[in-house]
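Everything on this sheet refers to the single structure shown next.
The values are calculated or read from the model by the stated rules, or taken from the named source; none is laboratory data. What you see is a predicted model; the values in this text were computed from it and never measured. For neighbour counting, all protein chains shown are included, and Cβ atoms are generated from backbone atoms with ideal geometry for every residue, glycine included.
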Amino acid sequence: MSFGDPNWTVNGEGFGAQKGNYEGGRPSFWFKPAPGEQHVLVASDPDRFFIPPYVGVKGWLAVYLDGPKLDWSEIEELIEDSYRQMAPKRALKILDAKRAADTEHGTNGR
């Protein structure tokens, strides 16, 4: 928790935060997109994506979580991309090995 909101970290680095958790707030998830995607995603769908205050200048992006047709697969990809930018190599090796095993066994690990 940070400032009353859930935050996720790996190796001491933040890779995601859920914001808008207050009366009248608009729920959103803040994350670090893959390099070059911040402005592309905002331009492609400004009703869903926005550059958040304070951390937007550091390349972070946010997506609203209250839309009528939220694509959880897309949210999952955005979270994983953010995690991968902050995670140490040893954590990525574990994640990739699990993904490979899941694929080999016909499961998706979720």
Among the candidates TYR64, TYR54, TYR83, single out the residue that is within 22 Å of ASN11 (Cβ to Cβ) and free of Cβ contacts under 8 Å to residues at least 60 places away in the same chain.
TYR54
Neighbours by Cβ (under 6 Å, 6+ apart or cross-chain): first from segment 34-48, among the small types (Gly, Ala, Ser); second buried (at least 16 other Cβ atoms within 10 Å of the Cβ)
ALA34/ASP81
Does ALA62 satisfy the criteria of being within 27 Å of TYR22 (Cα to Cα) and at pLDDT 95 or above?
yes
In a loop (DSSP other than H, G, I, E, B) and more than 12 Å from the chain's Cα centre (by Cα) - does that describe any residue in segment 92-103?
no
Given the residues VAL63, VAL42, which is the only one that is farther than 29 Å from ASP96 by Cβ, touching a strand residue (DSSP E or B) at 6+ places or on another chain (Cβ under 6 Å) and not in a loop (DSSP other than H, G, I, E, B)?
VAL42
Does THR103 count as surrounded by 10 or more Cβ atoms within 10 Å (Cβ to Cβ) and of a type in the set (Ser, Thr, Tyr)?
yes
Number of positions in segment 22-49 that are polar (S, T, N, Q) and surrounded by 12 or more Cβ atoms within 10 Å (Cβ to Cβ):
2
Taking only segment 66-89 into account, find how many residues are part of a helix (DSSP H, G or I), of a type in the set (Gly, Ala, Ser) and more than 19 Å from ASN7 (Cβ to Cβ).
1
From the set of residues in segment 1-33 that are touching a residue at least 60 places away in the same chain (Cβ under 8 Å) and either of a type in the set (Asp, Glu) or assigned to a loop (DSSP other than H, G, I, E, B) (or both), which is nearest to VAL57 (Cα to Cα)?
GLU13
